[in-house]
């Protein structure tokens with residue numbers, strides 16, 4: 001038993017030594033853009049397409065999903081949550097993660113770029129180590145992101161990050177309007193990150209979503225402002241969320257912890273198991 | 001309860017509609033009636049400076065003395081922090097005057113924004129940034 005443990009330790013030490021030899025620390029970032037800052041959303045809060053009215057954001061929905069969206073709006077008018085799944089603290093998933101409700105911090109390293117998204121303490125990992133999309137990864141709300149750095153102006157430094165994200169699970173919506181993505185979760189999200197030519201402190205994220213709820217790919221551009229005096233705060237969703245889902249209905253917990261109706265005339269949940 | 005409170009409330013819908021865009025991120029605020037805001041005055045029993053939203057629990061008395069503690073949903077610590085708020089900005093026992101968007105269901109709950117909440121004597125909760 002002890003011999004096997006020693007063998008295991010030796011193997012681990014060997015692996016660590018090999019990876020240490022292969023990795024360079026500190027990494028050489030001389031070719032990468034200086035994006036390692038906190039970034040603030042520019043535009044309305046929580047809205048996927050910032051350039052349009054909230055309930056008409058220009059998504060080219062199929063007739064089936066347009067009907068789902070319109071039914072969702074009717075439910076919301078009554079105080080429901082429609083097809084927006086995140087009120088129970090489900091993760092945003094992509095592409096909603098890039099709505100930038102609160103600031104996000106970007107950390108660029110040669111092999112990976114991280115997005116630390118303050119809103120509900122979410123994160124993205126974008127692999128830039130040359131790998132291909134794995135065939136056996138578990139689907140996730142944020143998907144699997146592979147990025148490629150480009151030097152578009154030929155000055156010897158990268159200035160654009162292109163990202164493709166696949167392999168999702170759901171349910172997901174673009175924002176609290178309930179604008180839905182297809183239930184088959186075969187969404188493909190392609191992004192171009194680059195600095196605005198008009199403002200060196202504005203990072204643009206051009207997001208093109210291909211999804212079976214859409215009749216064609218849909219492109220939206222989001223803008224983030226560089227923050228040089230960052231404030232960080234903690235915001236886990238489950239700490240104090242009184243919005244609950246029972247069956248297909250949303251309710252609220254009141255000041256006394258008891259269930260309250262969220263909609264006018266809403267019936268209480270089925271209590272058949274309470275005897 | 002709701003009808004009594006509303007009777008006592010100052011209806012300011014016309015003025016407030018222009019500024020009543022709720023914080024919109026974690027969920028739709030449609031359960032709160034943003035077209036018919038009401039004013040409530042009461043005593044804080046608890047200030048929950050928590051995620052994903054900040055809550056004020058306000059003991060609101062109606063004209064006949066009957067009351068209820070309302071659960072009033074505000075913005076988030078992340079956004080309030082940047083407006084100068086913290087977990088001590090409001091304390092139990094503070095008397096507040098708030099214009100809220102009440103729950104459509106009539107239950108004692110609603111939503112508030114920093115621009116529509118003051119101490120009962122008119123002082124701002126947090127002095128506006130210069």
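The values are calculated or read from the model by the stated rules, or taken from the named source; none is laboratory data. Remember, it's a predicted structure, so these values are computed and weren't measured experimentally. Cβ sites come from the backbone with ideal geometry, for glycine too, and all protein chains shown count toward neighbours.
Hey, any hits in region A:215-227 for a residue that's part of a strand (DSSP E or B), more than 14 Å from chain B (Cβ to nearest Cβ) and free of Cβ contacts under 8 Å to residues at least 24 places away in the same chain? Scanning region A:215-227 turns up at least one residue that is part of a strand (DSSP E or B), more than 14 Å from chain B (Cβ to nearest Cβ) and free of Cβ contacts under 8 Å to residues at least 24 places away in the same chain.
Please tell me if residue A:150 is free of Cβ contacts under 8 Å to residues at least 60 places away in the same chain, within 14 Å of chain B (Cβ to nearest Cβ) and out of contact with any helix residue (DSSP H, G or I) (no Cβ under 9 Å at 6 or more places or on another chain). When the stated conditions are applied, residue A:150 does not pass them. Just one residue in the set A:273, A:236 is in contact with a helix residue (DSSP H, G or I) (Cβ under 6 Å, 6 or more places away or on another chain) and either free of Cβ contacts under 8 Å to residues at least 12 places away in the same chain or within 14 Å of chain B (Cβ to nearest Cβ) (or both); that residue is A:236. Looking at region A:182-204, is at least one residue within 20 Å of residue A:56 (Cα to Cα) and assigned to a strand (DSSP E or B)? So far as region A:182-204 goes, no, none of its residues is within 20 Å of residue A:56 (Cα to Cα) and assigned to a strand (DSSP E or B).
Might you let me know whether region A:166-176 holds any residue that is at pLDDT 95 or above, more than 30 Å from residue A:260 (Cα to Cα), surrounded by 16 or more Cβ atoms within 10 Å (Cβ to Cβ) and in contact with a strand residue (DSSP E or B) (Cβ under 6 Å, 6 or more places away or on another chain)? Yes, there is a match, as at least one residue in region A:166-176 is at pLDDT 95 or above, more than 30 Å from residue A:260 (Cα to Cα), surrounded by 16 or more Cβ atoms within 10 Å (Cβ to Cβ) and in contact with a strand residue (DSSP E or B) (Cβ under 6 Å, 6 or more places away or on another chain).
Considering region A:82-101, the residues that are in contact with a helix residue (DSSP H, G or I) (Cβ under 7 Å, 6 or more places away or on another chain) and surrounded by fewer than 23 Cβ atoms within 10 Å (Cβ to Cβ) include one that is nearest to residue B:30 (Cα to Cα), namely A:83.
Would you point out the residue of region B:98-124, among those that are surrounded by fewer than 18 Cβ atoms within 10 Å (Cβ to Cβ) and in a loop (DSSP other than H, G, I, E, B), that is modelled with the lowest pLDDT? Per the criteria, the residue is B:106.
Residue-wise test of (1) outside any loop (DSSP other than H, G, I, E, B); (2) more than 13 Å from chain B (Cβ to nearest Cβ).
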site	(1), (2)
A:91	no, no
A:107	yes, yes
A:115	yes, yes
A:120	yes, no
A:124	yes, yes
A:131	no, yes
A:142	no, yes
A:145	yes, yes
A:154	no, yes
